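Beneath this line is the structure, given in structure tokens, with notes to follow.
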Amino acid sequence: MVSITSEPFNLGLSVEYIAMVIIGGMGNITGSIFGAIFITGLNEVLRWLTDSMMNMGVFTSTGLNMAPLREFTFGAAIVLFILFEPRGLAEVWRIIRSRFRLWPFSY
């Protein structure tokens, strides 16, 4: 018997998908791909950071709880991209590409 459940889809995953679209740039597929790469990389950096801090004993000796670090970082990234680059990473890529196209001779 086959069953379909929504167990793996929780609020954290929903926020992650929204962050991918907003940070990448809404309205184009390239931005969504850039956003997915950025959020996946940010996820791995946060995992490495918390693992290395746990191995050093930072959390156990001070009693700090770093569980909300991931949500806080995603929220801060969303807010910063909305404030400073509302068109997302796709617009940054477009600007860089156009500058390299005109690189030796800026008109």
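List the residue pairs whose Cβ atoms are under 8 Å apart, where the first residue sits in region 36-56 and is at pLDDT below 80, the second is open to solvent by less than 100 Å² (accessible area, probe 1.4 Å), and the two are 6 or more positions apart or on different chains.
Close Cβ pairs satisfying both conditions: Met53/Phe59; Met53/Met66.
What's the number of the only condition in (1) modelled with pLDDT under 90; (2) touching a Ser or Thr at 6+ places or on another chain (Cβ under 8 Å) that Asn28 fails to meet?
Failed condition: (2).
Which of the residues that make up region 23-37 are within 10 Å of the chain's Cα centre (by Cα) and either open to solvent by 80 Å² or more (accessible area, probe 1.4 Å) or closer than 15 Å to Glu71 by Cα (or both)?
Matches in region 23-37: Ile23, Ile37.
Give region 75-107 a look and list any residue that's open to solvent by 100 Å² or more (accessible area, probe 1.4 Å) and either among the charged types (D, E, K, R) or touching a Lys or Arg at 6+ places or on another chain (Cβ under 6 Å) (or both), or say none.
Passing the criteria: Arg87, Arg94, Arg97, Arg99, Arg101.
Taking into account only those residues within region 1-21 that are within 21 Å of Val79 (Cβ to Cβ), aliphatic (A, V, I, L, M) and over 9 Å from the mean Cα position of the chain (by Cα), which is surrounded by the fewest Cβ atoms within 10 Å (Cβ to Cβ)?
Leu11
The values are calculated or read from the model by the stated rules, or taken from the named source; none is laboratory data. Note that the coordinates shown come from a computational prediction; the quantities given were computed from them, not determined experimentally. All Cβ positions, even for glycine, are placed from backbone atoms using ideal geometry, and neighbour counts span all protein chains on display. Just so you know, the surface numbers come from the protein's heavy atoms only, side chains and all, with ligands and any DNA or RNA stripped out. Shrake-Rupley method; radii C 1.70, N 1.55, O 1.52, S 1.80 Å.
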